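Working notes for the structure below.
Just so you know, all these numbers are worked out from the coordinates, no wet-lab data involved. Note that the structure is predicted; figures quoted are calculated from it, not measured. Positions of Cβ are backbone-derived with ideal geometry, glycine not excepted, and every protein chain shown enters the neighbour counts.
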Amino acid sequence: MSFVEIRSLSKRFGDTPVFEGIDLAIEQGTICVLVGPSGCGKTTLLRAVAGLTKQDHGTIAIDGKDVSALESKHRGIGMVFQHYALFPNMTVEQNLAFGLEQQKLDAATIARKVSAMIALMGLEARAKARPHALSGGQKQRVALARALVLEPKLLLLDEPLSALDAQIRKRLREELKRLQREVGFTAMFVTHDQEEALLLGDRIAVMQAGRFSQVGTPAEIYNRPANLAVARFIGDFNILEPDAVERAFRLRPEAAWAIHPQAIGVANGKIPPGFHRAEAKITAVHILGAIVRYAADVNGVALKLDTLNRPNSAMHAPGTTIPIEIAVDDICTLNE
Ligand SMILES: Nc1ncnc2c1ncn2[C@@H]1O[C@H](COP(=O)(O)OP(=O)(O)OP(=O)(O)O)[C@@H](O)[C@H]1O
Ligand SMILES: [Mg+2]
């Protein structure tokens, strides 16, 4: 049995179903990332797991125990939401100690746990500060620390980094990954950010219209999306409907193609077996740091293709035509 087992869970608000009969299993010590379009039910699912909203049907088990009918406070869950609220009149230390005091732990144990967590989060210099005197990233770390210090069996994180600027966000998600390796907590993590999902998730569950369209490892989701919605979530893909494939490559597939920009190569010499080739006219060149992204036109079909940006490599100028090739194995053939 998995650490978290969600079975046949259904929830509707009035006449509108949010999700119907969904199943999800999460192994101990792993992060399951939930992604999907706005309004698809991610927050509602977390709230159901937390016991803050009651499901209509189905069960939720945590650590081998059915918690479906338990009150939220008895589920052993820690939560960090996008709009976290720290206690404004308490210092960082006091914010962290609060939940432990509620658990009636002795003062020495509380002090030890709080200072260990403050060190783990790199908040030593701000331990005596009140929330108003903290930066956004520091507040977010305190919110995480306050949840973690209680050593919850399961941590629920609903876009906890989305209020932060890109730099701090990147740093915090790496810290979170490191923490997870060190502390070994189990988590459900909601994000809209593709990079964050791939980096943090041991597994990623893609939600779409009240069900999971795919649950898999980051590599599976990124390289083998189950359908077009998952490919669209990954975002980078070139998605070509069958008639576009026919125009560009002169063959007609049954379903759409999804091709990563880095799977399209510049061709030279003979066409190797298992490759499709076409002539591409470069329309624009963008340097995105480590990669050079070309926009190209292939018989009226727009394609983006990536090459590595090396100091010495010559770039293809807009207006030039180059032969391109794609390995058949790199093409994902997908339906809606
Ligand atoms: N208390 C409520 N009463 C009625 N409808 C609700 C309630 N809470 C959520 N909904 C509806 O349920 C659906 C799912 O909402 P939810 O907040 O779970 O989406 P989400 O996936 O978290 O979206 P986002 O990415 O925008 O946060 C939405 O259509 C929302 O309007
Ligand atoms: Mg939400």
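Which value does Rg/Rh take for segment 229-282 over its C-alpha atoms, Rh per Kirkwood? In segment 229-282, Rg relative to Rh is 0.98. Loop-resident trypsin sites (Lys or Arg not before Pro) (DSSP state other than H, G, I, E or B) in segment 17-79 with no more than 15 further Cβ atoms inside 10 Å of their Cβ: Lys54.
Determine Rg/Rh for segment 1-150; Rg is computed over alpha-carbon atoms and Rh is the Kirkwood hydrodynamic estimate from the same atoms.
1.03
Largest GNM mean-square fluctuation among Thr44, Thr91, Thr109, using the chain with Cα springs under 10 Å: Thr109. Counting charges near Tyr84 (Lys, Arg +1; Asp, Glu -1) among other residues having Cβ under 14 Å from its Cβ returns a value of +1. Each label point was placed 7 Å from the Cα along the Cα-to-Cβ direction; for Arg171 and Gln94 their separation is 2.7 nm. What is the calculated FRET efficiency for Gln262 to His132, with r their C-beta to C-beta distance and R₀ = 45 Å, to the nearest 0.05? Once rounded, the FRET efficiency stands at 0.50. Of the trypsin sites (Lys or Arg not before Pro) in segment 172-280, the ones in a loop by DSSP (not H, G, I, E or B) with at most 15 other beta carbons within 10 Å are Arg250, Lys270.
Compared with the dominant Cα axis of the chain, that is its longest principal axis, helix 107-120 is turned about 20°.
Seen against the Cα atoms of the chain and their longest principal axis, helix 166-183 is set at about 60 degrees. Our helix-only sum for the chain, with -39,500 (n - 2.57) per DSSP H run of n ≥ 4 divided by its residues, gives a mean residue ellipticity at 222 nm of -8000 deg cm²/dmol.
Summing Lys and Arg as +1 and Asp and Glu as -1 over all other residues whose Cβ lies under 12 Å from the Cβ of Glu5 gives a net charge of -2.
Remark on the chain: Rg and Dmax equal 24.1, 75 Å (Cα only).
Name the GluC sites (Glu not before Pro) in segment 60-151 that are in a loop by DSSP and that have at most 13 other C-beta atoms within 10 Å, would you?
On the way: sites: Glu71, Glu93, Glu101, Glu124; in loops: Glu71.
Passing sites in segment 60-151 are Glu71.
Using a Gaussian network model of the chain in which every pair of alpha carbons under 10 angstrom is joined by a spring, one finds that among Asp106, Asp243, Asp23 the greatest mean-square fluctuation is at Asp106.
Order by neighbour count: Leu172, Leu70, Leu144, Leu288, fewest other Cβ atoms within 10 Å first, most last. Let's see the in-between values first.
Details: Leu172 20, Leu70 14, Leu144 23, Leu288 9.
With the fewest neighbours first, Leu172, Leu70, Leu144, Leu288 line up as Leu288, Leu70, Leu172, Leu144.
In the chain, the longest principal axis of the Cα atoms and the axis of helix 92-102 are about 60 degrees apart. Here segment 255-293 and segment 1-74 have alpha carbon centers that stand 42 Å from each other. Within the shell of other residues whose beta carbon sits under 15 angstrom from the beta carbon of Ile22, the net charge comes to +3, with Lys and Arg scored +1 and Asp and Glu -1. Checking the cross-link pairs Lys65/Lys113; Lys139/Lys177; Lys177/Lys304; Lys54/Lys139; Lys11/Lys42; Lys65/Lys153 against a 22 Å limit on the alpha carbon distance flags Lys65/Lys113; Lys177/Lys304; Lys54/Lys139 as lying beyond it.
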